[in-house]
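Some notes on the structure that comes next.
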Amino acid sequence: MRVLLDTEPCETTATSVAGAIATAAAIAEERGRIVVEVVVDGSPWGQEQFRSPAACQSAAEEVQLVSADLRDLVRTTLADGANALVQADALQREAGELIQADQHRVAMERLGEAMGIWQSLHEAIVTSADALEMDLTLLQVGDGTIQDSVEQLGASLRTLRQTIQAKDPVGLADTLMYDLPDVVGEWRAVVQSMLDHIDATTGTDASSTDAS
């Protein structure tokens, strides 16, 4: 089986596609990279193939893998999250205005979209930190740590859900229009703090690699 990582042949004794992917992924990880695309005998793989035991254990003539720099990938993920905050802010404000106008059904739709963005951002923060082994309890933002902000976001979203369940339209509109904008601002700072940390440690990691 021929295995290529970024067009470079990999030495492997793998007899299955899964084994070939594991070999290349390990090599990529050693280089601070992560596999982002897999092509088996000319056909790109998606979730359907990865979830199929038969496909993973099958043999192939050639497995091509494309990798990306892990830090660059995390930067892009965080930057996308920061951009999504702008949309979440607009959706929340619109939902508050719709509630005040007694258009509750549409308001809940907008609020649902905003909540989805917050959930995705939370997952992006945690996943990014895990990928780069960043300790969120040590990274400062404002007067606390990023971990503090993560916990505060959870509390804010729980309060929001409680307000929805209490069917308190006045309180909900106030939260959306006057409280959550501050949370958006705090989370812009969180994302920027993580980006700054990545930039600050990139040179250090590169120097360590060169020295070894």
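The values are calculated or read from the model by the stated rules, or taken from the named source; none is laboratory data. These figures come from a predicted structure and were not determined experimentally. Every residue, glycine among them, receives a Cβ derived from its backbone with ideal geometry; neighbour counts consider all protein chains shown.
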- Task: Would you please list the contacts, defined by Cβ atoms under 7 Å and residues six or more apart or on different chains, that run from a residue in the range 110-136 that is in the same structural domain as residue 197 (by TED's automatic domain parsing) to a residue that is acidic (Asp, Glu) and modelled with pLDDT of 90 or more?
- Result: 110/94
- Item | Lone unmet requirement of (1) out of contact with any strand residue (DSSP E or B) (no Cβ under 6 Å at 6 or more places or on another chain); (2) surrounded by 12 or more Cβ atoms within 10 Å (Cβ to Cβ) for residue 13 | (2)
- Note on the structure: Checked the range 5-53 for anything assigned to a strand (DSSP E or B), of a type in the set (S, T, N, Q) and in contact (Cβ under 8 Å) with a residue 40 or more places away in the chain; matches are none
- Message: Being in the same structural domain as residue 190 (by TED's automatic domain parsing) and either of a type in the set (Gly, Ala, Ser) or closer than 18 Å to residue 131 by Cβ (or both) is the requirement here; does residue 54 meet it?
- Response: no
- Item | Those residues of the range 152-204 which are more than 14 Å from residue 95 (Cβ to Cβ), touching a residue at least 12 places away in the same chain (Cβ under 8 Å) and charged (D, E, K, R), in sequence order | 186, 188
- Give the residues of the range 130-158 that are loosely packed, with under 14 Cβ neighbours inside 10 Å and assigned to a helix (DSSP H, G or I), sorted by residue number. 130, 151, 154, 155, 158
- Would you mind stating whether residue 72 is surrounded by fewer than 16 Cβ atoms within 10 Å (Cβ to Cβ), out of contact with any His (no Cβ under 6 Å at 6 or more places or on another chain), among the acidic types (Asp, Glu) and closer than 25 Å to residue 129 by Cβ? yes
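Restricting to the range 66-85, give me the number of residues that are out of contact with any Lys or Arg (no Cβ under 7 Å at 6 or more places or on another chain) and touching a residue at least 60 places away in the same chain (Cβ under 8 Å).
Initial filter on the range 66-85 (out of contact with any Lys or Arg (no Cβ under 7 Å at 6 or more places or on another chain)): 66, 71-81, 83-84.
From what's left, touching a residue at least 60 places away in the same chain (Cβ under 8 Å): 66, 71, 74-75, 78-79, 81.
Qualifying residue count, the range 66-85: 7.
Let's see how each residue does on (1) among the hydrophobic types (A, V, I, L, M, F, W, C); (2) farther than 13 Å from residue 188 by Cβ; (3) exposed (fewer than 15 other Cβ atoms within 10 Å of the Cβ):
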| residue | (1), (2), (3) |
| --- | --- |
| 81 | no, no, no |
| 84 | yes, no, no |
| 90 | yes, yes, yes |
| 93 | no, yes, no |
| 96 | no, yes, no |
| 102 | no, yes, yes |
| 112 | no, yes, yes |
| 115 | yes, yes, no |
- So, of the residues in the range 54-83 that are of a type in the set (Val, Ile, Thr) and outside any strand (DSSP E or B), which turns out to be farthest from the chain's Cα centre (by Cα)? 76
- Message: Exactly one of these conditions fails for residue 28: (1) buried (at least 16 other Cβ atoms within 10 Å of the Cβ); (2) more than 23 Å from the chain's Cα centre (by Cα); (3) of a type in the set (Gly, Ala, Ser). Give me its number.
- Response: (2)
